[in-house]
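Let me begin by presenting the structure, written as structure tokens, before commenting on it.
The values are calculated or read from the model by the stated rules, or taken from the named source; none is laboratory data. Being a predicted model, the structure only gives us computed values, none of them experimental. Using ideal geometry, Cβ is built from the backbone for each residue, glycine included, and neighbour counts are taken over all protein chains shown. What goes into the accessible areas is simple: the full protein's heavy atoms, side chains included, and nothing from ligands, DNA or RNA. Shrake-Rupley method; radii C 1.70, N 1.55, O 1.52, S 1.80 Å.
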2 protein chains.
Amino acid sequence: MLTEQYNAYSFLLERTARRIKQYAQYQFNCGDFGITVDQWSILKSLRQHADLSQKELAEYCGKDQPTLTRIVDLLVGKNLVERRANPTDRRSFVVHLTPEGERKIDTLTVNINEIRMHAWQNLDEADFEHLKRILNTIYDNLDIGGKS
Amino acid sequence: MLTEQYNAYSFLLERTARRIKQYAQYQFNCGDFGITVDQWSILKSLRQHADLSQKELAEYCGKDQPTLTRIVDLLVGKNLVERRANPTDRRSFVVHLTPEGERKIDTLTVNINEIRMHAWQNLDEADFEHLKRILNTIYDNLDIGGKS
DNA sequence: CCCATATATTTGTCACACTAATTATTATTA
DNA sequence: TAATAATAATTAGTGTGACAAATATATGGG
């Protein structure tokens, strides 16, 4: 049965993704960063695009809205971001980095970049290009709703 | 900042893995398979290696033991597997496919292989080889405990 | 045999993903 | 304008992942 191999590839991909996250989270914990890997990705997104609405933030980070709501809850609890009224739409908030959030980013950026780098040892530019193309191909193959 | 790109690669990999699982689960739900993607991977493992202990099963599936315990609980609840006493070690069980579990596998295998295949359209053998090598390299780069 | 240590499983807690349903608000259109 | 549909955010429910602690059993050295 030849199609069995696709199961194997899927497995390999999921396993590797889990390991990347697990490794990063492990290092986060060792360094007492006081934050999870996913929370960090929200902060980083806000640094690059200030004051996004939760919906925009969800899309940008590739998370769904309920998940994003909860992550924002946790970040609010840590005083790293705050919800501000959206002047043009009272249904939505904009998520704003607090000064403490800004400081957190400045403090951790170098450490975290170094942690992230570990995954990619022994690989070269050509590998990255391959990987990027392959992953994007897969991603496009699986567009369920066609909402993009 | 050059190291930022590694964040992007990590993001891409996690996003693609999520999408693969999400797509498969979506199709599982559409087909009323009555089972999750992870539960399916347990059943498949048992088909290939009958009557593994939970620890062996966890290792083989790449899940940790508490997670596996809970998935087995769910499968037991659906009468697809059963826990049997391990004759050589009273601490452990062996997980055994019930006739209903066997039937479930036979019924779904063809459908699921087809679902899995969708992810890999527009890719060729060389791509698979690249991907496999790159993912395994990353996996090996991130061995935390060195327990393998 | 007794004790310390190791192992297999379970339980508890927190975080995240997905679905469905709810609420409040905005946009549309009849 | 009034009714309807669409949208942003939330909540609830289930499943999964990681980690720590608890329990029961095995195994080794004295």
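Return the subset of B:63/B:104; B:55/B:104; B:55/B:78; A:21/A:44 for which the Cα-Cα distance in this structure is over 18 Å, preserving the input order. Working shown, then result.
On the way: B:63/B:104 22 Å; B:55/B:104 23 Å; B:55/B:78 21 Å; A:21/A:44 16 Å.
Exceeds cut-off: B:63/B:104; B:55/B:104; B:55/B:78.
What are the radius of gyration and Dmax of chain B, computed over its Cα atoms and given in Å?
18.0, 59
Compute the distance from the alpha-carbon center of the range B:14-82 to that of the range A:43-93, in whole Å.
33
Below 15 angstrom from the Cβ of residue B:89, what's the summed charge of the other residues (Lys, Arg +1; Asp, Glu -1)? Write down the numbers at each step before the final one.
Details: positive: B:55, B:83, B:84, B:90, B:91; negative: B:51, B:56.
After counting each charged neighbour, the total is +3.
Considering only the other residues whose Cβ falls under 11 Å of the Cβ of residue B:108, what net charge follows from Lys and Arg at +1 and Asp and Glu at -1?
Details: positive: B:44, B:103, B:104; negative: B:32, B:106, B:114.
Combined, the nearby Lys, Arg, Asp and Glu give 0.
Quick one: in chain A, whose Cβ comes closest to the A/B rotation axis, and how close in angstrom?
Its Cβ sits closest to the axis: A:17, 2.
What size of dipole, in debye to the nearest 20, comes out for the protein assembly as shown about its Cα centre when the only charges are +1 on Lys and Arg C-beta atoms and -1 on Asp and Glu C-beta atoms? List each step's numbers first, then the result.
Numbers: 40 positive and 42 negative charges, 192 e Å.
Computed about the Cα centre, the dipole is about 920 debye.
How many Cβ atoms of partner chains, on average, are near each residue of A:21-28 if near means within 10 Å of its Cβ? Kindly include the intermediate steps, with their values, before the conclusion.
Working: counts 5, 3, 7, 3, 0, 3, 2, 0.
Average per residue, whole number: 3.
Give me the orientation-averaged projected area of the Cα convex hull of the protein assembly as shown, in nm², one decimal.
Numbers: hull surface 72.9 nm².
Taking the Cα atoms of the protein assembly as shown, their convex hull projects to 18.2 nm² on average.
For residue B:51, what is the net charge nearby, where nearby means another residue's Cβ is under 12 Å from its Cβ and Lys, Arg count +1, Asp, Glu -1?
Working: positive: B:47, B:83, B:84; negative: B:56, B:82.
Residues close to residue B:51 contribute a combined charge of +1.
Not counting the cut sites, what is the longest span of chain A without trypsin sites (Lys or Arg not before Pro) that DSSP labels loop and that have at most 16 other Cβ atoms within 10 Å?
Working: sites that count: A:78, A:90, A:91, A:147.
Between exposed loop sites, the widest span is A:1-77.
For chain B, what does the helix formula give at 222 nm: sum of -39500 (n - 2.57) over DSSP H segments with n ≥ 4, over the residue count, nearest 500 deg cm²/dmol? Please report the intermediate quantities before stating the final value.
Values: 6 runs with 96 residues, N = 148.
Computed mean residue ellipticity for chain B: -21500 deg cm²/dmol.
Remind me, relative contact order of chain B in percent, using alpha carbon pairs under 8 angstrom and six or more residues apart?
Values: 98 pairs, mean separation 27.1, N = 148.
Taking the mean separation of contacting Cα pairs over the length of chain B, I get 18 percent.
Would you mind working out the accessible area per residue for the range A:4-141, using a 1.4 Å probe, and quoting it in Å²? Numbers along the way, then the final one.
On the way: 7180 Å² over 138 residues.
The answer is 52 Å² per residue.
Could you check the simple spin-label distance between residue A:86 and residue B:136, using points 7 Å along Cα→Cβ, in nm with one decimal?
4.7
Assume the label is 7 Å from Cα along Cα to beta carbon: what separations in nm does residue B:89 have to the matching positions in the other copies?
Between copies, matching label points for residue B:89 lie 5.6 nm apart.
How big is the B-A contact in terms of buried accessible area, both chains counted, 1.4 Å probe, rounded to the nearest 100 Å²?
On the way: alone 11000 and 11000 Å², together 16050 Å².
Buried area between the two chains comes out at roughly 6000 Å².
For residue A:103, place a label point 7 Å out from Cα along the Cα→Cβ vector, do the same in each other copy, and report the separations in nm, one decimal, smallest first.
Values, ascending and in nm: 6.4.
HN-Hα J couplings of the range A:120-125 from phi, Karplus 6.51/-1.76/1.60, θ = phi - 60°, integer Hz, Gly and Pro as x?
9, 4, 6, 10, 10, 4
Under a GNM of chain A (C-alpha, springs under 10 Å), which listed residue has the highest mean-square fluctuation: A:79, A:111, A:136?
Most flexible of the set in this elastic network: A:136.
Considering only protein heavy atoms and a 1.4 Å probe, what is the carbon-and-sulfur percentage of the accessible area of the protein assembly as shown? Mind showing how you got there, number by number?
Details: 8110 of 16050 Å².
Accessible surface attributable to carbon and sulfur in the protein assembly as shown totals 51 percent.
How far, in nm to one decimal, is residue B:53 from itself in the other copies if the label point is set 7 angstrom along Cα toward Cβ? Shortest first, please.
Nearest first, the other copies' label points are 5.5 nm away.
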